[in-house]
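First up is the structure itself, then whatever we jot down about it.
The values are calculated or read from the model by the stated rules, or taken from the named source; none is laboratory data. Please read these numbers as outputs of a predicted model, since none were measured by experiment. Every residue, glycine among them, receives a Cβ derived from its backbone with ideal geometry; neighbour counts consider all protein chains shown. For the accessible areas, the whole protein counts, side chains as well, though only heavy atoms, and no ligand, DNA or RNA atoms are used. Shrake-Rupley method; radii C 1.70, N 1.55, O 1.52, S 1.80 Å.
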Amino acid sequence: MKVCVIGGGGREHTLAWKLAQSDSVEKVYAIPGSKAMEDVAECIAIDWQDFGAVTEFLTKDNIDLVAIGPEAPLVAGLADAVREAGIAVFGPSKATAQLEGSKVFAKDLMKKYNIPTAAYGVFDDVAKAEAFIDETGAPIVIKADGLAAGKGVVVAMTVEEAKAAVVDMLSANRFGDAGHTVVIEEFMSGEEASLLAFVDGTTVVPMIASQDHKRIFDGDKGPNTGGMGTYAPAPVMTDALLKEAYDKVLVPMVAAMKKEGMPYVGCLYAGLMITPQGPKVVEFNARFGDPETQVVLPLLDGDLGEIMMACAKGTLTEDMVAWKKGSAACVILASAGYPETSHKDDVIDGDLSFTDNTLIFHSGTAYKDGHFVTAGGRVLGIVGLGADLQVALDVAYERVAKVGFEGRQYRKDIGQKAFAHLR
């Protein structure tokens, strides 16, 4: 079959790469894709926001399946437009994508269906929000309601910091429409993990757990980012915790969405906090994570095209999904100034080709004058593969040392929390 990936970042590079390996897939397209994806996909220069142009191309070229990567097109309803054109889609509808597009929607749904998460309040008024902060105390978490590219969350360690975040979002309009309402949550202590699942509307097949590193600096210091690195499988998610998360989070949420008249199709991402009371939901995303995808999919021992089509058709079965032995680790190289600002057009030096045990996925690059250059934000995801986590990390960091650009930033402690569980 012919498959078209929507998007052009590191997650979509990984999706296209894995789909190109699938026996069920004869050709991969990407809208708009990137220069780096041309080895595995034919890139089509269409703006995904032009739904008419997208569906016209898909219909004319007899595309069998569309895999939508980023959250923005899902929240905007691209999946609905493609389905209306009679083409199978891996990705939730506009109504269903509210699970990521609105934190208020997600929290209220979790409360209604008793899915474990942090206690919370919802505010669009600074004075009422500040009163809630005074009453609750710190540490406390402030979240912009809408999409903010992974940056709309402040973990405030003091009441003053929390109030400043509220003013920043509600009054200073830092995140535009996304921050006109805020969710204020109790602080949950524990270790975070990401658990993704393939979903066909009813059936839920979990993937291996991974662990993202959100803060920009080593030791989980500095502001939140879209993710500075990850590894899989994450040993914090024991078999018992995986079963608990499946039984109490993934399955109930998919059942809830179906009951609400908006069946979930695609990749359901549960960001979890492993608390003394068990796994609790930090957030849901309506798509593959970035950079979780870069470590989970290389370990998938199955036909991704077949799995995605089964999700789209409602025929997913557990035996379609298997996992390779070993580990994967991803180190993100980010541009100077990220996440507050993003430097562009710095020439990237080094060999960017794939090897047997290293993969390089392009998150934010452009191609100018015969060279890849930075295009701002997170630039490259450098993945190491190995028999165990230490080998995967060693391989990844060896490759990191051979790739550079002016002002690059990366964390040197990816995966270190895992070793406490492996001793």
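For a paramagnetic label modelled on ARG423 (point 7 Å from Cα along Cα→Cβ), amide N atoms under 20 Å away belong, within the range 185-225, to 190-192, 219-220. Across the accessible surface of the range 277-329, with the other protein chains kept in place and a 1.4 Å probe, carbon and sulfur atoms take up 43 percent.
Backbone geometry of the range 410-423 corresponds, through the Karplus equation with coefficients 6.51, -1.76 and 1.60 at θ = phi - 60°, to 3J(HN,Hα) couplings of 7, 8, 9, 10, 4, x, 5, 4, 4, 6, 5, 8, 8, 6 Hz, x marking Gly and Pro. In this structure the chain gives 40 Å² per residue of accessible area when probed at 1.4 Å with all protein chains present. Heavy-atom surface analysis with a 1.4 Å probe gives the range 4-72 a carbon and sulfur content of 42 percent of its accessible area.
The simple Förster model, with R0 at 45 Å and r as the Cβ-Cβ distance, assigns PHE354 and ASP220 a FRET efficiency of 0.90. Computed over every Cα-Cα pair of the range 1-119 and binned at 10 Å starting from 0, the pair-distance distribution P(r) comes out as 14, 42, 27, 13, 4 percent. Distance between the modelled labels on ALA127 and THR202, one decimal in nanometres: 5.3 nm (7 Å Cα→Cβ projection). Which of the following values of semi-axes √(5λ) of the Cα gyration tensor in Å was calculated from the structure shown: (i) 43, 26, 18; (ii) 30, 26, 23; (iii) 49, 24, 20? Looking at semi-axes √(5λ) of the Cα gyration tensor in Å for this model, the match is (ii). Computed from point charges on the beta carbon alone (+1 for Lys and Arg, -1 for Asp and Glu), the dipole magnitude for the chain about its Cα centre is near 440 Debye.
Our coupling estimate for the range 82-92, obtained by passing each phi through the Karplus curve with A = 6.51, B = -1.76, C = 1.60 and θ = phi - 60°, is 5, 4, 5, 7, x, 10, 5, 10, 9, x, x Hz, Gly and Pro reported as x. In summary, the convex hull built on the alpha carbon positions of the range 47-196 has an orientation-averaged projected area of 10.4 nm².
With contacts taken as Cα pairs under 8 Å and at least 6 residues apart, the chain reaches a relative contact order of 16 percent. If a/c stays under 1.5 just call it rounded; otherwise compare a/b with b/c (prolate if a/b is bigger, oblate if not). Do that for the range 341-388, with a ≥ b ≥ c from the square roots of the Cα gyration tensor eigenvalues. Judged from the Cα gyration tensor, the range 341-388 comes out oblate (a/c at least 1.5, b/c at or above a/b). Length gained on full extension, GLU406 to ILE46: 126.5 nm, using 0.36 nm per residue less the C-alpha separation.
Of the solvent-accessible surface of the range 97-138, computed with a 1.4 Å probe over protein heavy atoms with every protein chain present, carbon and sulfur atoms account for 48 percent. Approximating the spin labels as points 7 Å out from Cα along Cα→Cβ, the HIS371-to-GLU186 distance works out to 5.3 nm.
Simple spin-label estimate for THR275 and THR59 gives 4.9 nm between the two label positions (7 Å along the Cα-to-Cβ direction from each Cα).
Between VAL347 and GLU161, what is 0.36 nm times their sequence separation minus the Cα-Cα distance? Round to one decimal in nm. Full-extension gain reported as 63.2 nm. In this structure, the residue pairs whose Cα-Cα separation is over 31 Å, taken from LYS94/LYS324; LYS103/LYS417; LYS27/LYS313; LYS248/LYS313, are LYS94/LYS324. Within the chain, antiparallel bridges make up roughly 80 percent of the DSSP beta bridges whose residues both belong there. Computed over the range 1-117, relative contact order equals 21 percent, with contacts defined as Cα pairs under 8 Å that lie 6+ residues apart.
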